[in-house]
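The values are calculated or read from the model by the stated rules, or taken from the named source; none is laboratory data. Since this is a predicted model, take the numbers as computed values, not measurements. For neighbour counting, all protein chains shown are included, and Cβ atoms are generated from backbone atoms with ideal geometry for every residue, glycine included. Calculation scope for accessible area: heavy atoms of the full protein, side chains included, ligands and nucleic acids excluded. Shrake-Rupley method; radii C 1.70, N 1.55, O 1.52, S 1.80 Å.
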Amino acid sequence: MTPMRIRALVPSPDEERAVVVLEDVERRLQFAFSADLHEAHRLGRAVGSAQCTCNPIYDFIESLMSTLQAAMTRVVLDDAGALGIRAVVWLQCGDARLTIPCYPPDALGLALRAKVPIYATAEALAYARPLTSTGDVPRPGAVEVSQWLRRVSPDDF
């Protein structure tokens, strides 16, 4: 498995879905998957790209894990075939190791809050693209530039 980190969370070109972009920690590979736009707002709060960082469902899950004396140890992203990317949250509960399927953006949000590693399997990374040899981040796409142009004003310069 390859350690990953979240690189970006952006609206899709049609602005009906969100695109979650991850890269490996060595900045060699990048891959993305789409998520329901409204559901991705929770991940946006965990990433810190939203004004409000409150997240009641994550708070509840963390309280539940605490009550059960379970600790999240990692999140693993895997290929789900025609369904896209799936995520599994790994928990340690006493001597038991548990794996629980989770909606990928929520698994990533929980991993960020718990400060646990995020991994991707080789099967998931089959959809990755290599970054440039220097590890430079690709230039913003038309959607990102369009959004920036809507927000920029002469006072910004």
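So here's what we get for this one:
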quantity	calculated
Segment 1-44 - percent relative contact order, Cα under 8 Å, separation 6 or more	33 percent
Calculated FRET value between Ser63 and Met1, using beta carbons and R₀ = 30 Å, to 0.05	0.55
Solvent-accessible area per residue for segment 9-94 (1.4 angstrom probe, square angstrom)	55 Å²
Inter-part distance where segment 88-125 and segment 30-84 are each reduced to a Cα centre, Å	9 Å
Per-pair calculated FRET efficiency, R0 = 41 Å: Val25 and Asp95 via Cβ, rounded to 0.05	0.85
